[in-house]
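Accompanying notes for the structure given below.
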Amino acid sequence: MKKISKIWFVAGAIAIAAIAWWMLSGDKKEREIEFNTDKATKTNIQNSVTATGTIEPVTSVTVGTQVSGIVSKLFVDYNSVVKKGQVIAELDKTNLISELNTAKANLASAQSTLKYENDNFRRYQTLYSKGLVSTDDFETARLSYEKARQQVATSKESVTKAQTNLGYATITSPIDGVVLSKAVEEGQTVAASFNTPELFTIAKNLTDMRVIADVDEADIGDVREGERVTFTVDAYPNDKFEGEVTQVRQEATTTNNVVTYEVVISAPNNDLKLKPGLTANVTIFTAERQGVLSVPSKALRFTPTQGTVGKMKIVDIKGKNKVWTMENNTIKAHAVQIGMTDGINTEIISGINEGMTVITGIQEINLAPAGMPETQERSPFAPGPPGKKK
């Protein structure tokens, strides 16, 4: 039993001696600290919201017809330039002219009846004043006269309606503009019932376009009228178009449980590159700072500890936001007041000056001591180090 204890004692002593030899021999890897730094410089900081939208004219009018009939003539086609009041189509007027003539004939008949009933009423009025007819006969004559007068008024309204419908058969452009779409051809029958048939769509001015963008509910709180916008379209991938937010609509749209809001963006189109219906990839700049002093945001997240910087001296101060600089063997903190951030850079309002070098991070470099034998496996067919015998 004593012999076993002695063996364990000797083994422990050997192990302790081996550890001490390893610690003092210098055969372990050495540790070196390297700081990542960057300079405080002036830059532009921007926060933005992205969305997709559709190009459309600011003003477009759908032209329809109030009456039914056959399209007899078309005077415009796609892309035709039209003026306000210009005739762009006509419907067949045969039935409408017939209805007008019938209404006029009914009016003439009603006017003749009115003339007769008026004369008859006057006679009964004279006789009634002399007591030669009864009150009942006088009232009957007066009632017939009133009915005839009302019939004339009704007939006049029928004539006016027939004339108006006849006028509707001649379709004119309500605005100056360009024909974007045409939904009918000559000989086609259009029926005006509860819904007005769509014949044409006319855009007022294609040099004045807009984008209707769908902005996610998580981003809509930052979008305001007047904010700068850039957008691209697939038709011109190398061109960047500019505009600004002109309206943030309050109505929400829910699609597949995703809530979005429509944002209207101006889109000047003097070169007519933008066409109605194009999809726009929109960037709305919700906040911008031009030429402000800033540092990388990770410099504000760096906090040194004695365990990470080794023998270097740390000079800390109180402050909510701090950046660190290195002077000789000392790491010094600087309290700063920050402004806006884009996630990559953060605005510095006060606390440091332009050009100062700040620490953004730290990394360790492990070095193998000189003379340490290689431990990496080597192919027997690979050449050895210079001067080493094979």
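The values are calculated or read from the model by the stated rules, or taken from the named source; none is laboratory data. Keep in mind that what you see is a predicted model, and the values were worked out from it rather than measured. Reconstructed Cβ throughout: ideal geometry from the backbone, glycine too, with neighbour counts over all protein chains shown. Note: areas computed on protein heavy atoms with side chains; ligands, DNA, RNA excluded. Shrake-Rupley method; radii C 1.70, N 1.55, O 1.52, S 1.80 Å.
Run down 85, 69, 131 and say which single residue is at positive phi and surrounded by 15 or more Cβ atoms within 10 Å (Cβ to Cβ).
Going through 85, 69, 131 in turn, just one is at positive phi and surrounded by 15 or more Cβ atoms within 10 Å (Cβ to Cβ): 69.
When restricted to residues that are among the polar types (S, T, N, Q) and at pLDDT below 85, the stretch 181-206 contains 3. For the stretch 88-100, taking the residues that are in contact (Cβ under 8 Å) with a residue 24 or more places away in the chain and open to solvent by 70 Å² or more (accessible area, probe 1.4 Å), the one that is farthest from residue 60 (Cα to Cα) is identified as 99.
Scanning the stretch 264-283 for residues that are assigned to a strand (DSSP E or B) and either open to solvent by 60 Å² or more (accessible area, probe 1.4 Å) or free of Cβ contacts under 8 Å to residues at least 40 places away in the same chain (or both) yields 268, 279, 281. Beta carbons closer than 7 Å, at least 6 apart along the sequence or on distinct chains, pair a first residue in the stretch 317-330 that is on the phi > 0 side of the Ramachandran plot with a second that is at pLDDT 90 or above and surrounded by 10 or more Cβ atoms within 10 Å (Cβ to Cβ) for 319/335.
Here's the yes/no breakdown for (1) aromatic (Phe, Trp, Tyr); (2) under 30 Å from residue 70 (Cβ atoms); (3) in contact with a Leu (Cβ under 8 Å, 6 or more places away or on another chain); (4) open to solvent by less than 20 Å² (accessible area, probe 1.4 Å):
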| residue | (1), (2), (3), (4) |
| --- | --- |
| 165 | no, yes, yes, no |
| 181 | no, yes, no, no |
| 202 | no, yes, yes, yes |
| 214 | no, no, no, no |
| 230 | no, no, no, yes |
| 239 | no, no, no, no |
| 244 | no, no, no, no |
| 257 | no, no, no, no |
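Close Cβ contacts (under 6 Å, 6 or more residues apart or on different chains) running from residues in the stretch 61-87 that are free of Cβ contacts under 8 Å to residues at least 40 places away in the same chain to residues that are buried (at least 16 other Cβ atoms within 10 Å of the Cβ) comprise 75/88.
When 105, 141, 148, 169 are checked against the criterion of being under 60 Å from the mean Cα position of the chain (by Cα) and surrounded by 13 or more Cβ atoms within 10 Å (Cβ to Cβ), 169 stands alone in meeting it.
Under the condition of being surrounded by 15 or more Cβ atoms within 10 Å (Cβ to Cβ) and of a type in the set (Gly, Ala, Ser), which residue from the stretch 297-338 is nearest to residue 35 (Cα to Cα)? Ranking the candidates gives 299 first.
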